[in-house]
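Here the structure comes first, spelled out in structure tokens, and everything after it is commentary.
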Amino acid sequence: MIVPATPEAIAHAADALRKGDLVSFPTETVYGLGADARNADALLKLYAAKGRPADHPVIVHLADGSAATRWAKALPAYATLLADAFWPGPLTLILTRGEGVSDSITGGQESVGLRVPAHPVAHALLSAFMECGGDGIAAPSANRFGRISATTAQHVEDEFGGEVAIVLDGGPCRHGIESTIIDCTGREPRLLRPGAVGVDQLTRVLGREPSAATPASPRASGSLASHYAPRTHARLLQRKELIGALGRLARPGSHIAVLAHSIDQPPSFEGTWFDAPSESAGYAQQLYANLRALDAREADEIWIEAPPDGPDWIAINDRLRRATHRG
Ligand code: TXA
Ligand code: MG
């Protein structure tokens with residue numbers, strides 16, 4: 001059930017988490033589906049609700065960076081630098097796991113993912129949860145495995161129906177795209193998932209660009225070729241390709257749904273047309289809502305105009321590549 005994130009609702013949600021229930025809550029990136037990270041039964045419930053394979057790890061959310069040492073072994077110097085610069089905020093650090101961190105959090109790997117979210121509701125929930133004896137909230141994005149992430153409480157409700165007893169409504173998420181994930185288990189930082197913290201921001205703090213992931217890097221399901229995917233067949237088309245395809249679109253009876261950011265809807269076009277913002281922050285903020293709304297039209301195909309290639313568009317292009325992957 002969707003409930004406004006009042007202090008009372010947040011206290012009630014913290015209590016529900018302690019009892020082993022699932023709670024969905026807003027973060028500055030996307031909505032999370034939370035479970036008590038120290039409760040094996042609650043984690044089983046979480047995996048079942050998401051339909052996620054048991055060997056995929058989940059991020060542990062903390063109220064405060066100082067709690068990191070309860071979950072991870074000593075942080076390398078560059079990880080401390082990143083935590084100091086970006087926590088609370090949309091950055092997830094993959095660290096060597098500490099004593100007693102269960103396989104159901106780590107997916108059986110030797111690493112644990114940690115993040116301190118900045119959203120006031122997420123922060124209040126985490127603080128209340130800690131106060132009633134909790135230690136961290138495990139929270140993947142609040143969508144079924146492989147599907148489009150949720151950036152409003154209504155998206156979560158659409159995704160899970162009554163299966164999630166409490167969905168705290170904190171309005172639409174500010175970034176609209178998931179946290180950036182950095183692997184901090186090796187000698188140097190590696191970028192596992194581009195996200196809301198840009199590569200240029202990381203580079204400024206680290207003094208160099210983070211390296212790319214290798215086949216030996218810890219597994220991240222967001223790095224699967226197909227992810228964030230609508231049910232409708234979706235294609236990514238370069239601007240020129242899209243203009244050409246629209247020009248040839250004479251087939252009556254076929255319904256095409258378009259997401260464009262630089263092209264105007266041709267007067268003769270009869271399908272569904274969505275204009276996306278032409279700057280990257282606005283585009284990202286609306287991306288999942290747009291994909292969900294396009295998918296709901298049940299068109300024959302979704303055509304997406306490929307965004308620019310600049311550094312601000314890396315995370316968006318990553319999501320669109322996976323959302324449109326077939327194979
Ligand atoms: O912005 C976000 O990060 C959101 C909000 C709710 O915090 N969460 C999120 O969780 O995107 P999820 O589960 O949808 O994506 C987290 C990614 C997954 O690809 C998972 O495999 C990876 O992080 N991950 C988590 N723990 C890991 C670990 N120990 N090693 C490698 N990858 C890990
Ligand atoms: Mg996800």
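The values are calculated or read from the model by the stated rules, or taken from the named source; none is laboratory data. Since the model is a prediction, treat every value here as computed from it, not as a measurement. With ideal geometry, Cβ positions are generated from the backbone for all residues, glycine too; neighbour counts draw on all protein chains shown. Ligands, DNA and RNA are excluded from the accessible area calculation, which covers all protein heavy atoms including side chains. Shrake-Rupley method; radii C 1.70, N 1.55, O 1.52, S 1.80 Å.
Structure data summary
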| read-out | value |
| --- | --- |
| Among the candidates E279, E270, E241, residue that is within 22 Å of D312 (Cβ to Cβ) and open to solvent by 70 Å² or more (accessible area, probe 1.4 Å) | E279 |
| Any hit, region 152-161, residues being part of a loop (DSSP other than H, G, I, E, B) and under 20 Å from Y47 (Cα atoms) | no |
| Pairs, first exposed (fewer than 15 other Cβ atoms within 10 Å of the Cβ) in region 150-164, second at pLDDT 95 or above and small (G, A, S), C-beta under 6 Å, six or more apart | E163/A49 |
| Residues being touching a strand residue (DSSP E or B) at 6+ places or on another chain (Cβ under 8 Å) and assigned to a helix (DSSP H, G or I) - total across region 283-327 | 10 |
| Within region 200-233, considering residues that are within 17 Å of the chain's Cα centre (by Cα) and more than 12 Å from ligand 1 (Cβ to nearest atom), the one surrounded by the fewest Cβ atoms within 10 Å (Cβ to Cβ) | A225 |
| Pick from region 108-149, criterion touching a Lys or Arg at 6+ places or on another chain (Cβ under 8 Å) and among the small types (G, A, S), ranking: most open to solvent (accessible area, probe 1.4 Å) | G133 |
| Residue match in region 153-168 (condition: under 21 Å from D318 (Cα atoms) and either within 14 Å of ligand 1 (Cβ to nearest atom) or polar (S, T, N, Q) (or both)) | no |
| Residue list for region 161-171, restricted to those being under 21 Å from I59 (Cβ atoms) and either away from ligand 2 (no atom under 16 Å from the Cβ) or in contact with a Lys or Arg (Cβ under 8 Å, 6 or more places away or on another chain) (or both) | E163, I166, V167, L168, G170 |
| Members of region 257-282 found to be of a type in the set (F, W, Y) and outside any loop (DSSP other than H, G, I, E, B), listed by number | W273, F274 |
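For every residue, the table says whether it meets (1) surrounded by fewer than 22 Cβ atoms within 10 Å (Cβ to Cβ); (2) among the small types (G, A, S); (3) over 18 Å from the mean Cα position of the chain (by Cα).
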position	(1), (2), (3)
L22	no, no, no
L44	yes, no, yes
L62	no, no, no
K73	yes, no, yes
L95	no, no, yes
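Residues checked against (1) farther than 17 Å from V167 by Cα; (2) at pLDDT 95 or above; (3) away from ligand 2 (no atom under 16 Å from the Cβ); (4) not assigned by TED's automatic domain parsing to the domain that holds G133:
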site: T27; (1), (2), (3), (4): no, yes, no, no
site: N39; (1), (2), (3), (4): yes, yes, yes, no
site: L46; (1), (2), (3), (4): no, yes, no, no
site: A68; (1), (2), (3), (4): yes, yes, yes, no
site: L91; (1), (2), (3), (4): yes, yes, no, no
site: S102; (1), (2), (3), (4): yes, no, yes, no
site: A122; (1), (2), (3), (4): no, yes, no, no
